[in-house]
């Protein structure tokens, strides 16, 4: 794991060397002060050489100014290094999440994913900056101070050093315990954020059902679980801090007590005694940092473990190494003995065989859960077929790059998702480099022109999160405008007019019919009145495809379609 962690330093070698070098130099210069004090007391004061004392003092002032500059470099550029690494990790994690198929998100909570992108990585940033630096400087400072202390008096140095092994044992023990606790904190925080995200997103439903008290109860459970984990963390931190504080003060006490003894015995001078006390203070300073390390490092380690666990989850659907880029497909689609199931659940589709010719408009009807949407979702590889194959223009879709395949397929979903920006930004999502004229034309074709003109800022009107400021019909029309702009050869319309009133539905249906001309169109429908024009209607139930034909042909056969039709229209 260390090798993997340090691989993130590679792009920032110069920055790391600058930060690390300055930190080491600052630590070494800090060790010079006790030595100078020792010489001033023992050599300069008895000689009363005031000029030399002033010179030494000015030299020390210069060293302090140098050290001040070094401290600036370490704090600013060191944290810049940490932020750069955090940014790279977040970019890698976001890219990883974008590669995941629909099946991955079926089992994830948005709040937990947000925690991994934010809180987990905040702590990693601190470890990336301070980790190598603190460990190395602690070693250098401890070693340097101890060696200088040995030059003063060996027995005194050993008496002072005797507490260090106990502090080392504490560091290992508490670091392990607090890493485990922090992993639980991150998990609890993920659940907490997921609960908050669900409550805020569903506030309209909560208030509509007057279930505020119920949601408050659920929130309290999550809040208490998170609180319990954090209190346990701080309890361990308090024990660790208190333990180390006592041992560090013992080091100072031993230095004072034994130093006074050896001074009275005449084994060391007053200058050596004062210098030793100052060295002892420098000696314990990195040890005091251990408390900070025990607080922040386990958080970073736990966060990095969670990051690597996530990054190691390979996307269930990936491009083949030799996948080809496709451009402007005709739209001949074939499902060949296709079966599909979610994980270990029962089969949703079993041995489906279906041919759809380019330019054909095919509608799928049948009861909910029969597999209509699944059939369509397999085409752009939102899910991967479990058995069989799907081909477009005779090419297996698994032999195409997913991006080029999805560029050829347009999807208008039943649950319209709009981004919290302007009308213009949401329409242009269908073609990111669209011109003003193209956006206006798409708006016109989707019969959204009057709606936009009535808005206070026209196309630049902000529509709120998920288009909350728009009606259901307006949202649907905006998503259709987006598809006009994309202009793909293959269309999938998942109840594309379900949210529209009857009058608007008729207008949009005309637009969709126009859009479907010359394109292969797959329609998922429950309202049979909207699909009478389809070239072919396919009836799907739990057994698979049970009927197919035009509206007139299926009505004449007196089968499953006719029963659905009569159930809707009461004939």
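Quick note: the coordinates plus some simple rules give every number you see, no bench work behind them. A quick note: this is a predicted structure, and the numbers were derived from the prediction, not measured. Quick reminder, even Gly has a Cβ in these numbers, built from the backbone with ideal geometry, and neighbours come from all protein chains shown.
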- Using a basic spin-label model with each label point 7 Å from the Cα along Cα→Cβ, how many nm lie between residue 568 and residue 324? 3.9 nm
- Item | Nearest 10 degrees, 0 to 90: helix 436-445 Cα axis against the chain principal axis | 40 degrees
- Task: First measure r as the distance between the Cβ atoms of residue 51 and residue 15, then evaluate 1/(1 + (r/R0)^6) with R0 = 35 Å and state the FRET efficiency to the nearest 0.05.
- Result: 0.20
- Given that compact globular proteins tend to follow 2.2 N^0.38 Å, what is the ratio of the alpha-carbon Rg of the stretch 2-311 to that value? 1.32
- the chain: antiparallel bridges as % of DSSP beta bridges, rounded to 5, reads 50 percent
- What is the distance, in nm, between label points placed 7 Å from the Cα along the Cα-to-Cβ direction at residue 450 and at residue 164? 8.4 nm
- Message: If packing is taken as the average count of other Cβ atoms within 10 Å, what order do 370-381, 321-332, 529-540 fall into, highest mean first?
- Response: 370-381, 529-540, 321-332
- Assuming R0 = 35 Å, what is the FRET efficiency of residue 68 and residue 312, from their Cβ-Cβ distance, to the nearest 0.05? 0.20
- Item | the stretch 132-165 and the stretch 397-417: distance between their alpha carbon centers, rounded to Å | 64 Å
- Length-normalised contact order for the chain - Cα pairs under 8 Å, 6+ apart - percent: 14 percent
- Query: What is the stretch 2-311's relative contact order, in percent, from Cα pairs under 8 angstrom and six or more apart in sequence?
  - Reply: 31 percent
- Item | Ordering of 544-557, 119-132, 17-30 by packing [mean C-beta count within 10 Å, highest first] | 119-132, 17-30, 544-557
- Query: If one takes the longest principal axis of the Cα atoms in the chain, at what angle in degrees, from 0 to 90 and to the nearest 10, does the Cα axis of helix 13-39 lie?
  - Reply: 20 degrees
- Query: Suppose R0 equals 35 Å; then what is the FRET efficiency for residue 466 and residue 87 from their Cβ-Cβ distance, rounded to the nearest 0.05?
  - Reply: 0.80
- Message: Rounded, prolate or oblate, given the Cα gyration tensor of the chain, with a/c below 1.5 counting as rounded?
- Response: prolate
- Query: How much length is gained if the chain between residue 513 and residue 29 is pulled fully straight, taking 0.36 nm per residue apart and subtracting their Cα-Cα distance, in nm to one decimal?
  - Reply: 166.3 nm
- Report, to the nearest 10°, how far helix 472-486 tilts away from the longest principal axis of the Cα atoms in the chain, using its own Cα long axis and a range of 0 to 90°. 90 degrees
- Message: Using a 7 Å offset from the Cα along the Cα-to-Cβ direction at both residue 146 and residue 346, what is the distance between the two label points in nm, to one decimal?
- Response: 6.9 nm
- For residue 543 and residue 211, calculate 0.36 nm times their separation in residues minus their Cα-Cα distance, and state this gained length in nm to one decimal. 115.5 nm
